[in-house]
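The block underneath contains the structure these notes are about, expressed in structure tokens.
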Amino acid sequence: MGYRYAVIGSGRQGVAAAYDIAKFGEAEEVILVDINAAVAEAGAKRINKLLNRQIATAIQADAGNAEQLMSILNGV
């Protein structure tokens, strides 16, 4: 059984971190969280393509909203 991870921020560094986690971190799922849904989706799509498997998912959320983040990070 793998781990569930979340990366807050789906810019270049966030996608790079998520890729490394997905590849080397015994990940079952990696969630990319970004205020811009299109950016999160693009990052997840890139990771899935590079790893040739569906491991990354995208969620639109505001990192400044603690309540929203807590619900996303539950179980991660």
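Key figures
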quantity	calculated
Condition met for L32 (surrounded by fewer than 19 Cβ atoms within 10 Å (Cβ to Cβ) and not charged (D, E, K, R))	no
Qualifying positions in the range 54-76 - touching a Leu at 6+ places or on another chain (Cβ under 8 Å) and either exposed (fewer than 11 other Cβ atoms within 10 Å of the Cβ) or among the β-branched types (V, I, T) (or both)	T57, I59
Cβ-Cβ under 7 Å pairs, at least 6 apart or on other chains, the range 50-76 side more than 16 Å from S10 (Cβ to Cβ), far side part of a helix (DSSP H, G or I) and among the polar types (S, T, N, Q)	Q54/N48
Check on V39, closer than 21 Å to Y3 by Cβ and open to solvent by less than 70 Å² (accessible area, probe 1.4 Å)	no
Residues satisfying the stated conditions in the range 1-55, i.e. among the aromatic types (F, W, Y) and farther than 15 Å from L73 by Cα	Y19, F24
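The values are calculated or read from the model by the stated rules, or taken from the named source; none is laboratory data. Quick caveat, the model's predicted, so the values are computed rather than measured. A quick note on method: Cβ atoms are made from the backbone with ideal geometry, for glycine too, and the neighbour counts reach across all protein chains shown. Areas reflect the complete protein model, heavy atoms only, side chains present, ligands, DNA and RNA absent. Shrake-Rupley method; radii C 1.70, N 1.55, O 1.52, S 1.80 Å.
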